[in-house]
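Below: one structure, written as structure tokens.
The values are calculated or read from the model by the stated rules, or taken from the named source; none is laboratory data. Computed from a predicted model, the values in this text were never measured in an experiment. Every residue, glycine among them, receives a Cβ derived from its backbone with ideal geometry; neighbour counts consider all protein chains shown. Areas reflect the complete protein model, heavy atoms only, side chains present, ligands, DNA and RNA absent. Shrake-Rupley method; radii C 1.70, N 1.55, O 1.52, S 1.80 Å.
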Amino acid sequence: MSTIQDIAQAVETGKLKLIEGLVTNALQEGLEAVTILNEGMIKALAAVGEKFQRSEIFVPEMLVAARTMKKGVEILKPKLGSGATTSFGKCIIGTVQGDLHDIGKNLVAMMIESAGFEVIDLGVDVSKDQFINAITSNPDAKVVALSALLTTTMPMMQDTARAIKGGRFTVKVMVGGAPITQEFADQIGADGYSTDAAGAAQLAKKLAA
Ligand code: B1M
């Protein structure tokens, strides 16, 4: 029997080979995908971050934990979407320049897609100019979603949001990521902020309406 604790332990210790079986078993046993994600995986990565902060582990361990989580999310993906059929248009998403974290951004992209958007994912380390080029190439895009996980990349989020808002674009800008707050979002002129992926999908729909 796979428990949430087994899954959390596998993510925390980077047991890449075990995660697929553990998540598959947990789903077969009736555990909800969203519970596995929130209680098993996201909490485990938070614990990894705390260990890193205390210098109990280092970047390679953090990386293997991230890969293990990504593998687990692949298995959960078909179960996490809402299967919405309404079309809300295009959403451009990316992690801002200098920032390589993409697990949260990918979850946000997945939830936004399943809420009924066509998602254009620019990936990680996306410069202000790359965002502007994507908006120029997709003038019908409704929302641009910027993610940042590092306090050091918050200024880049600010530059990007301000460049978009300062251009002649109708697209709405939403922001999120662990260090981002509503106050910061207001300060940089973003149209919206969400703390998590499910909230981000709701927000994107509201902004696109
Ligand atoms: Co990094 N890292 N990391 N890391 N890493 C953090 C963020 C850190 C908090 C760890 C710590 O010290 N406790 C710390 C940042 C400290 C700070 O800035 N104050 C940190 C550091 C320091 C670093 C390096 C600088 C380490 C080094 O090299 N010395 C380096 C930077 C590299 C770079 O980006 N240039 C680095 C590297 C890495 C790895 C590559 C090893 C790996 C990332 C792998 C990957 O993403 N492919 C990694 C990891 C895994 C983490 C932690 C452990 C986990 C991040 C994660 O994926 N969480 C993280 C610690 C932590 O977060 N507690 C840490 C799970 C994910 C689901 O949550 O991304 O927060 P999150 O997304 C959430 C919400 O934030 C929100 O929704 C998501 C789901 O609910 N959200 C949005 C995210 N984007 C949103 C956008 C929205 C709305 C909501 O709208 C647009």
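Among the residues of segment 173-198, the ones that are more than 14 Å from LEU149 (Cα to Cα) and either open to solvent by 60 Å² or more (accessible area, probe 1.4 Å) or part of a loop (DSSP other than H, G, I, E, B) (or both) come to 8 in all. For segment 50-57, the condition of being in the same structural domain as ASP129 (by TED's automatic domain parsing), charged (D, E, K, R) and modelled with pLDDT of 95 or more holds for none of the residues.
Within segment 137-149, the residues that satisfy the criterion of being within 12 Å of the ligand (Cβ to nearest atom) and open to solvent by less than 40 Å² (accessible area, probe 1.4 Å) are VAL143, VAL144, ALA145, LEU146, SER147, ALA148. In segment 90-136, the residue that is least open to solvent (accessible area, probe 1.4 Å) out of those that are in contact with an Asp or Glu (Cβ under 7 Å, 6 or more places away or on another chain) and away from the ligand (no atom under 14 Å from the Cβ) is LYS90.
Consider segment 61-89. How many of its residues are within 18 Å of GLU12 (Cα to Cα) and either open to solvent by less than 40 Å² (accessible area, probe 1.4 Å) or more than 8 Å from the ligand (Cβ to nearest atom) (or both)?
Residues in segment 61-89 being within 18 Å of GLU12 (Cα to Cα) and either open to solvent by less than 40 Å² (accessible area, probe 1.4 Å) or more than 8 Å from the ligand (Cβ to nearest atom) (or both): 12 in total.
Among the residues of this structure, THR152 counts as one that is part of a helix (DSSP H, G or I), surrounded by fewer than 18 Cβ atoms within 10 Å (Cβ to Cβ) and at pLDDT 95 or above.
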